[in-house]
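Novice: Provided herewith is a single structure, encoded as structure tokens, for subsequent inquiry.
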Amino acid sequence: MKVAVKLFAALREQRGEKELELDLAEDARVDDVWPALGLGDEPAGLVYAVNRVYAAREAPLADGDEVALIPPVSGGAFRLSEEPLSLERVVSEVASDDAGAIATFVGTTRARSRGREVVRLEYEAYEGMAEAEMERIAAALRERHELTEVAIHHRVGQVEIGETSVVIAISAPHRAAALAACAEAIDTLKQSVPLWKKELYVGGEEWIGKGS
């Protein structure tokens, strides 16, 4: 059978292509995909998605499936944008007469990181799945906190020093819920959304891993 494979971040650069088609045995499982790529040892922390849903390694594959290999992720309206982000726009999306507070988080690109001089950042996302994961995060936050609205906007592509890379706004009837949910949102986003960050610095570049 044939499956479509999507690669991101360092895996895309290692293979030299973003998408490819593999011929696999009829009884192939998810964990048969990596050996078929011929890229050496499987990197630690790699996870898989089949048809834009996270999948177990032992899950069976079917002809025509789309398999995404997702390196450890760095890092709604749940939006990806190549254009500069607007705090005012994100706040307006959560404004409500039912809200007594709006908490925001704005992530910006700093000039130095881990003792190195940063030139710029580059973000890459699994579009479609990334927005869906942001929406799932928002739904989980609403279950744990008394919230009114949630909005998350994230940049993709090149982000220069001083520019905004992510904006989160959360409205709630009470400030404690808004503040707690906002802090939880950025931590969860960095762990679970298929979004990667490349740090370009003076003298080199590096894909930055989970939780950065």
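The values are calculated or read from the model by the stated rules, or taken from the named source; none is laboratory data. As the structure is a prediction and not an experimental result, all values here were calculated from the model. Cβ atoms come from the backbone with ideal geometry, glycine included; neighbour counts cover every protein chain shown. Just the protein is used for accessible areas: all its heavy atoms, side chains included, with ligands, DNA and RNA removed. Shrake-Rupley method; radii C 1.70, N 1.55, O 1.52, S 1.80 Å.
Novice: Could you tell me which of the residues Glu58, Glu83 is within 30 Å of Glu160 (Cβ to Cβ) and open to solvent by 60 Å² or more (accessible area, probe 1.4 Å)?
Specialist: Working: Glu58 fails: within 30 Å of Glu160 (Cβ to Cβ).
Within the list Glu58, Glu83, the selection yields Glu83.
Novice: At pLDDT 95 or above, closer than 21 Å to Arg110 by Cβ, touching a helix residue (DSSP H, G or I) at 6+ places or on another chain (Cβ under 6 Å) and assigned to a strand (DSSP E or B): is that true of Val159 in this structure?
Specialist: On the way: at pLDDT 95 or above: yes; closer than 21 Å to Arg110 by Cβ: yes; touching a helix residue (DSSP H, G or I) at 6+ places or on another chain (Cβ under 6 Å): no; assigned to a strand (DSSP E or B): yes.
So Val159 does not fit the description; no.
Novice: Evaluate the following for Ser92: is it open to solvent by 70 Å² or more (accessible area, probe 1.4 Å), of a type in the set (S, T, N, Q) and modelled with pLDDT under 95? Write out each step before concluding.
Specialist: Details: open to solvent by 70 Å² or more (accessible area, probe 1.4 Å): yes; of a type in the set (S, T, N, Q): yes; modelled with pLDDT under 95: yes.
In short, yes.
Novice: Moving to a separate point now. Of the residues in the range 142-172, how many are surrounded by fewer than 15 Cβ atoms within 10 Å (Cβ to Cβ) and under 14 Å from Ile102 (Cα atoms)?
Specialist: 1
Novice: Tell me, which residue of the range 119-139 that is over 13 Å from the mean Cα position of the chain (by Cα) and open to solvent by 20 Å² or more (accessible area, probe 1.4 Å) is modelled with the lowest pLDDT? Please lay out each step first, then the result.
Specialist: The first filter runs over the range 119-139 and keeps only residues over 13 Å from the mean Cα position of the chain (by Cα), leaving 119-121, 138-139.
Those still in the list that are open to solvent by 20 Å² or more (accessible area, probe 1.4 Å) too: 119-120, 139.
On the way: Val119: 96, Arg120: 96, Ala139: 91.
Out of the qualifying residues, it is Ala139.
Novice: Can you tell me how many residues within the range 1-29 are farther than 29 Å from Glu122 by Cα and either open to solvent by less than 80 Å² (accessible area, probe 1.4 Å) or among the β-branched types (Val, Ile, Thr) (or both)? Before you say what the answer is, go through the steps one by one.
Specialist: Step one: of the range 1-29, the residues farther than 29 Å from Glu122 by Cα are 1-2, 23-29.
Subsequent filtering for residues that are either open to solvent by less than 80 Å² (accessible area, probe 1.4 Å) or among the β-branched types (Val, Ile, Thr) (or both) retains 1, 24-25, 28.
Number satisfying all stated conditions: 4.
Novice: Just to be sure before I move on: is Val193 β-branched (Val, Ile, Thr), in contact with a Leu (Cβ under 9 Å, 6 or more places away or on another chain) and at negative phi in the structure I sent? Even if it seems obvious, please write down each step before you answer.
Specialist: Numbers: β-branched (Val, Ile, Thr): yes; in contact with a Leu (Cβ under 9 Å, 6 or more places away or on another chain): no; at negative phi: yes.
Here the answer is no, as Val193 does not meet what is asked.
Novice: Among residues belonging to the range 106-118 that are more than 18 Å from the chain's Cα centre (by Cα) and among the small types (Gly, Ala, Ser), point out the one that is farthest from Gln158 (Cα to Cα). If you could, list the steps in order and put the result at the bottom.
Specialist: We begin by selecting, within the range 106-118, every residue more than 18 Å from the chain's Cα centre (by Cα); these are 110-118.
Still in the running and among the small types (Gly, Ala, Ser): 111, 113, 115.
Working: Ala111: 14, Ser113: 17, Gly115: 21 Å.
In this case the residue turns out to be Gly115.
Novice: How many residues does the range 173-204 hold that are in contact with a strand residue (DSSP E or B) (Cβ under 6 Å, 6 or more places away or on another chain), surrounded by fewer than 23 Cβ atoms within 10 Å (Cβ to Cβ) and over 15 Å from Leu141 (Cα atoms)?
Specialist: So the count comes out to 6.
Novice: Of everything in the range 7-27, what is more than 13 Å from Leu37 (Cα to Cα) and of a type in the set (A, V, I, L, M)? Give them in sequence order.
Specialist: Ala9, Ala10, Ala25
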